[in-house]
Amino acid sequence: MRKALRWLLALAVLIGTLSTAGAATAAQPEATDIKDRLLAVPGISLIEEKPYPGYRFFVLNYTQPVDHRNPSAGTFQQRITVLHKDVSRPTVFYTGGYNVSTTPSRREPTQIVDGNQVSMEYRFFTPSRPAPADWSKLDIWQAASDQHRIFKALKGIYSKNWISTGGSKGGMTATYYERFYPRDMDGVVAYVAPNDVVNKEDSAYDRFFASVGTKECRDRLNAVQREALVRREPLEKKYEAYAAENGLTFTTIGGLDRAYEAVVLDYVWGFWQYSLLADCETIPADAAHATDDAIWTSIDTISGFSAYADQGLETYTPYYYQAGTQLGAPTIQFPHVEKQYIRYGYQPPRNFVPRDIPMTFQPWAMRDVDSWVRHNANHMLFVYGQNDPWGAEQFRLGKGARDSYVFTAPGANHGARVAGLVDGEKNLATARILDWAGLSSTVVSEAKPLAKFDSKLDRRMPERGLRR
């Protein structure tokens, strides 16, 4: 009996304590300022806030597990940014697949839905890199799990519909995220996303370069590329002086000669990736009689002679690592150049990653994603550029796809956008994005972005970073 009384008394005290604590908690006002709400999310800390008219823009750190399969194995700080408009608006989740920009910007879907934008820095791009770096934890599933945790952390604040987006490697990232976490997003808009299903079969790229643009433009580009290899000796002397002046080294790729050829072989690809057909007028018309300086300048302007130096490769080590372990990388032929002028050919990603980082290719990774998209795509939009080499191998939809689309912008490069589609496709794509965002239904023929264009906020440049 005494034990029963003591137990009841203890229970009454415990209930009273919990009630008091609950009352005290209830008495505290709930945070209403968006910065306070963001910083109340476990794992989020503020790096800085930058003003922009009509928005609040925050650069934040978010604590992520190094290994989502084993969260107790350590954490790292991942940078994210939040372009906040209003919690009553939909949210666009963007990543470029590389470093995150800390300057306020708005991607096309964000302008279309007039919403908020959360942007994520891809894991292992500094400073969002674990220390020490276990490179085996850099894969598409781990990165998708980063996005999933960020979404779950912020969904309580931004409770309206979410759409993921990205261009180039970011478009690939948005697609992989959807494959592994198909219930998170209400829609996906993937721009210029390559889909290298079989890494060793790249004939689609050769067919692309044989027909892209006009014959006159192709001939000009091919002639300059060939001439740069024919004049290898004098131009490499110029390269040596350039490297010395700029402090460039070539340990990773294995020497200046390898770097020179890699830059030159990127030339035609780089032109079509970033330029338009009208830009052919800037290419030397008679390469055989052009000066060394003219050949050098054209190659450097398009390919960049610093690209394969250690200093140029370092930033993109995580990309080349993924290209050599899961994403795949193209290999193309050069029928307009005699064999004696090409010593190495298109070099594999292994040559662009320091040798102390182990790499093993996983051929099943892209086959799995491709099969999933074909049979399970739902509320997915893929946008490609007609003249973009990366679109030679693209995502395609099968019978299992629902309310999903693949559109190509005429004459566009790696900067293809919904705004560049033909009118019928542009209107349909815009209407579907608005619908996926949970906004009021719109007559397709009248579908337009809800926010006015802002020249500073709305970027229209091609996605840079993805190299062959």
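The values are calculated or read from the model by the stated rules, or taken from the named source; none is laboratory data. Fair warning: this is a prediction, and the values are worked out from it, not measured in the lab. Here the Cβ positions follow ideal geometry from the backbone for every residue, glycine too, while neighbour counts run over all protein chains shown. These accessible areas exclude ligands, DNA and RNA; they are computed on the full protein's heavy atoms, side chains included. Shrake-Rupley method; radii C 1.70, N 1.55, O 1.52, S 1.80 Å.
How would you order 266-273, 328-335, 449-456 from highest to lowest mean count of nearby Cβ atoms within 10 Å? Intermediate results must be reported in sequence, preceding the final value.
Working: 266-273: 23.8, 328-335: 18.6, 449-456: 12.9.
Highest mean packing first, the order is 266-273, 328-335, 449-456.
Out of the total accessible area of region 376-449 (probe 1.4 Å, heavy atoms of protein only), what percent is carbon and sulfur?
Carbon with sulfur: 48 percent of the solvent-accessible area.
Below 8 Å, C-alpha to C-alpha, sequence gap of six or more: please give me the relative contact order for region 147-276 in percent. Write out the running numbers ahead of the final one.
On the way: 85 pairs, mean separation 22.0, N = 130.
Normalised by residue count, the contact order of region 147-276 is 17 percent.
Please state the relative contact order of region 228-377 as a whole percent: Cα pairs under 8 Å, 6+ residues apart?
This gives 30 percent for region 228-377.
Hey, what do the phi angles of region 56-70 turn into as Karplus ³J(HN,Hα) couplings, whole Hz, using 6.51/-1.76/1.60 and θ = phi - 60°, x for Gly and Pro?
Each residue of region 56-70 in turn: 10, 10, 10, 9, 10, 10, 10, 6, 10, x, 4, 10, 5, 7, 9 Hz.
Go through K169/K456; K160/K426; K137/K456 and tell me which ones have a Cα-Cα distance over 27 Å in this structure.
K137/K456
For region 54-203, what is the convex hull volume of the alpha-carbon atoms per residue, in Å³? Show your work: numbers first, answer last.
Numbers: hull volume 17.9 nm³, N = 150.
Convex hull of Cα atoms, per residue: 119 Å³.
Give me, ordered by chain and number, the residues 5 or more places off D114 or on other chains with an amide H under 5 Å from its own placed amide H.
L450, A451
Amide H to amide H, which residues 5 or more places from Y52 or on other chains are under 5 Å from it, using H placed in the peptide plane?
Counting only residues 5 or more places away or on other chains, the set is F57.
Can you work out the Karplus-derived ³J(HN,Hα) for every residue in region 121-133? Use 6.51 cos²θ - 1.76 cosθ + 1.60 with θ = phi - 60°, whole Hz, and x for glycine or proline.
In residue order, the calculated couplings are 7, 5, 4, 6, 8, 5, x, 7, 10, x, 10, x, 8 Hz.
What is the packing order of peptides 135-146, 383-394, 43-54, 199-210, taking the mean over residues of other C-beta atoms within 10 Å and listing the highest first?
Those peptides, ordered most packed to least, come out 383-394, 135-146, 199-210, 43-54.
Any idea what angle helix 423-436 forms with the longest principal axis of the chain, computed on alpha-carbon atoms, 0 to 90 degrees, nearest 10?
It is inclined by approximately 30 degrees.
Taking the Cα atoms only, what angle lies between the long axis of helix 232-246 and the longest principal axis of the chain, rounded to 10 degrees?
It works out to around 40 degrees.
Helix 256-265 sits at what angle to the longest principal axis of the chain, using alpha carbons and giving 0 to 90 degrees rounded to 10?
Between helix and principal axis, roughly 90 degrees.
Over the chain, give the accessible area per residue in Å² for a 1.4 Å probe, as an integer.
Here the residues of the chain average 44 Å² of exposed surface.
Mind listing the phi-derived Karplus ³J(HN,Hα) values for region 87-94, rounded to whole Hz, using 6.51, -1.76 and 1.60 with θ = phi - 60°, and x for any glycine or proline?
Values per residue, Gly and Pro as x: 5, 7, 9, x, 10, 9, 9, 10 Hz.
Using Cα-Cα distances under 8 Å and only pairs 6 or more residues apart, what relative contact order does the chain have, in percent? Can you show the working numbers first?
On the way: 840 pairs, mean separation 77.2, N = 468.
This gives 16 percent for the chain.
Tally up the carbon and sulfur contribution to the accessible surface of region 147-295 as a whole percent, 1.4 Å probe, everything protein left in place.
On the way: 2950 of 5880 Å².
Answer for region 147-295 is 50 percent, counting heavy atoms of protein chains only.
Would you indicate which of (i) 4, 18, 27, 24, 15, 6, 3, 2, 1, 0, 0; (ii) 4, 15, 18, 15, 13, 11, 9, 7, 4, 2, 1, 1, 0, 0; (iii) 4, 18, 25, 21, 15, 10, 5, 1, 0 is the value of P(r) over Cα pairs in 10 Å bins from 0, in percent derived from the coordinates of this structure?
From the options (i) 4, 18, 27, 24, 15, 6, 3, 2, 1, 0, 0; (ii) 4, 15, 18, 15, 13, 11, 9, 7, 4, 2, 1, 1, 0, 0; (iii) 4, 18, 25, 21, 15, 10, 5, 1, 0, the structure gives (i).
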